[in-house]
1. Order of 78-88, 10-20 by packing, highest average Cβ count within 10 Å first?
2. Show which aspartates and glutamates lie in cross-link reach of Lys102 when reach means a straight Cα distance below 19 angstrom and same-chain residues fewer than eight apart are skipped.
3. What ranking do 96-107, 58-69 get when scored by the average of other Cβ atoms within 10 Å per residue, highest first?
4. Name the lysines eligible as straight-distance cross-link partners of Lys136: C-alpha to C-alpha under 19 Å, and not fewer than 8 places from it in the same chain.
5. Between Leu103 and Asp170, how high is the FRET efficiency from 1/(1 + (r/R0)^6) when r is the Cβ-Cβ distance and R₀ = 22 Å? Nearest 0.05.
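Read the figures in this text as sums done on the coordinates, not as results from a lab. Here the structure is a predicted model, which means the values were calculated and not measured. In this analysis, Cβ positions are derived from the backbone assuming ideal geometry, glycine residues included, and neighbour counts consider all displayed protein chains.
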Amino acid sequence: MQVPIEITFTSTKASDAVKALVEQEAAKLDRVCDHISSCRVAIEKKARPQRRGNPYRVRIELHVPPRHTIVAVREPTDSPMHDSLPVVIKGTFHSAKVQLRKLVEKQQGQVKVHPEQATGAVVARIFPEEGYGFIKTPEGRDIYFHRNAVLHHDFDRLRVGTLVRFEEEDGEQGPQATSVQVLDKAGARITDDSHVPPPYGWEQ
């Protein structure tokens with residue numbers, strides 16, 4: 001996964017094998033959505049013996065720009081008593097994947113198609129330390145984008161003047177670029193105004 005995974009264990013011992021399984025399952029989510037901004041996994045074992053169901057509770061929380069949250073939870077009563085923890089983890093990630101796929105399909109359905117997206121636009125301003133920037137379209141519009149919206153981990157390649165292609169959706173604060181794709185590496189050196197604070201409401 002492109003972002004660090006936060007894993008917590010409650011009333012059960014953390015193990016490298018379980019951590020590796022979580023990372024493996026989380027990596028599969030990137031194939032569905034390549035701009036997940038955070039992933040938290042909580043694994044808990046109930047102290048009391050279970051008369052039915054499984055002693056494990058697994059909760060996965062994903063955040064997807066602009067401000068979407070996906071939560072998948074597998075309660076002890078949702079799994080057969082003899083299911084192992086790996087089986088419960090895989091089942092919970094499957095539920096998260098189904099929700100994530102629906103969100104991606106919804107986002108793609110809401111994408112606005114503009115001529116400049118097909119012909120390309122340029123990076124007008126970029127704030128590397130803060131992790132965001134603005135794209136200038138041929139018609140003069142400024143479109144905000146976050147580093148997690150840049151495909152193929154290419155945010156660090158961006159410079160003022162870099163040619164890009166993007167998709168657009170309506171965020172809570174206005175138009176926002178998604179699926180930003182670098183079309184060339186050329187670009188002017190970042191200017192001094194790259195440290196200007198973001199407009200009100202765009203803080204991540």
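1. On the way: 78-88: 15.1, 10-20: 11.5.
The densest-packed peptide leads the list: 78-88, 10-20.
2. Here the aspartates and glutamates satisfying the reach criterion relative to Lys102 are Glu25, Asp30, Asp34, Glu61, Glu167, Glu168, Glu169, Asp170.
3. Numbers: 96-107: 15.8, 58-69: 18.1.
My ranking of the peptides, most packed first, is 58-69, 96-107.
4. Lys112, Lys185
5. Values: r = 15 Å, r/R0 = 0.68.
E between Leu103 and Asp170, to the nearest 0.05, is 0.90.
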